[in-house]
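The block underneath contains the structure these notes are about, expressed in structure tokens.
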Amino acid sequence: MKRIVLTAALAAVMGLSAPAFAQDAKMDVYVGGTHLDPKGDFQVVDDRVYIHQAPLSAHLFLLLKAEGNNLDWMNTREKHYPVAVKAKGEGAAFREDAAYYIPGRAFLEKMGRPVKWDEKNRIAIFDFYDGSGLVYADITTEEKVPALSMTWRVPEDGIAGVEIREDKAEIRFVRKQTQEEIARIFRVPAELPDRNVYLLGESKGGYVAAKVAEKDPRKQGEAPSERNYAIDGVYSMLGSVKIAD
């Protein structure tokens with residue numbers, strides 16, 4: 001099976017509404033459904049969330065080209081999103097410690113991607129997990145999972161060495177050889193008690209989320225293990241998930 005080579009797009013400036021982000025208050029930020037580290041992955045400046053270039057690129061599948069005070073982001077379809085860099089505090093992207101910070105809300109809205117602020121739980125979500133560039137483009141079929149209010153694309157021959165088990169409102173990926181659970185899709189409440197998940201979308205007052213095992217470490221030039229291949233297969237399927245209550 002082939003995988004489409006990935007990235008996914010974006011551009012310029014701004015944040016959520018002023019009361020939303022008190023600079024001294026604890027908050028959680030997700031980009032592309034992935035929880036960010038508050039120590040370095042983002043900053044709150046004048047009540048706006050600015051996202052570090054590294055997690056922005058990684059979790060939204062973007063490529064960045066920087067030339068002076070101009071940034072050019074490109075997505076998988078080679079669509080470009082230019083961003084101007086200004087001084088910190090001017091409401092635009094800024095440079096600090098050899099890295100760029102991009103204002104979240106307008107950047108995502110320009111791409112047509114969702115932004116959500118949960119005032120009660122102090123959670124900011126800049127789009128959900130979208131690994132569509134990882135999805136197998138051939139030999140897959142679309143299937144519905146009503147218990148999780150979702151559809152996804154399933155490879156006709158499955159994932160090598162993995163059994164996919166559906167049990168009520170939960171899907172588990174289990175390696176046949178070891179019976180290790182390498183991933184699980186399930187519902188989580190709006191409070192998000194477990195931050196170590198991928199958010200796939202909103203559903204029934206909470207979220208549909210996935211938890212995926214860490215890959216095996218490997219040395220440069222070493223072939224991926226069967227376990228790592230299996231985890232890659234999981235990510236491919238997660239990239240096709242669509243939530244529709």
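Sort the following peptides by mean Cβ neighbour count (other Cβ atoms within 10 Å, averaged over residues), highest first: 124-132, 50-58.
Top to bottom by mean Cβ count within 10 Å: 124-132, 50-58.
Which of the lysines could a cross-linker bridge to Lys204, judged by Cα under 24 Å and excluding same-chain residues fewer than eight apart?
Answer for Lys204, where 24 Å is the Cα cut-off: Lys116, Lys120, Lys144, Lys168, Lys242, listed by chain and number.
For n ≥ 4 DSSP H runs only, could you compute -39500 (n - 2.57) per run for the chain, divide by its residues and tell me the 222 nm figure to the nearest 500?
-3500 deg cm²/dmol
Note down, for the chain, the three equivalent ellipsoid semi-axes (square root of 5 times each alpha carbon gyration tensor eigenvalue), biggest first, whole angstrom.
Over the Cα atoms of the chain, the semi-axes work out to 32, 21, 16 Å.
Which peptide among 98-111, 61-74 comes first, and what is the full order, when sorted by highest mean count of other Cβ atoms within 10 Å?
98-111, 61-74
Please work out the C-alpha center-to-center distance from region 191-238 to region 22-64 and express it in whole Å.
20 Å
Please give the peptides 85-97, 26-38 ranked by average Cβ packing (other Cβ atoms within 10 Å per residue), highest first, as a rough proxy for protection.
In decreasing order of mean packing, 85-97, 26-38 become 26-38, 85-97.
Once you have a ≥ b ≥ c as the square roots of the Cα gyration tensor eigenvalues for region 28-126, tell me rounded if a/c is under 1.5, and otherwise prolate or oblate according to whether a/b is larger than b/c.
Judged from the Cα gyration tensor, region 28-126 comes out oblate (a/c at least 1.5, b/c at or above a/b).
Hey, rough spin-label estimate for Lys116 and Lys204, points 7 angstrom out along Cα→Cβ, what's it come to in nanometres?
Result: 1.5 nm between the two label points.
Quick note: the coordinates plus some simple rules give every number you see, no bench work behind them. Source: prediction; values computed, not measured. Please note: Cβ atoms are built from the backbone with ideal geometry, for glycine as well, and neighbour counts cover all protein chains shown.
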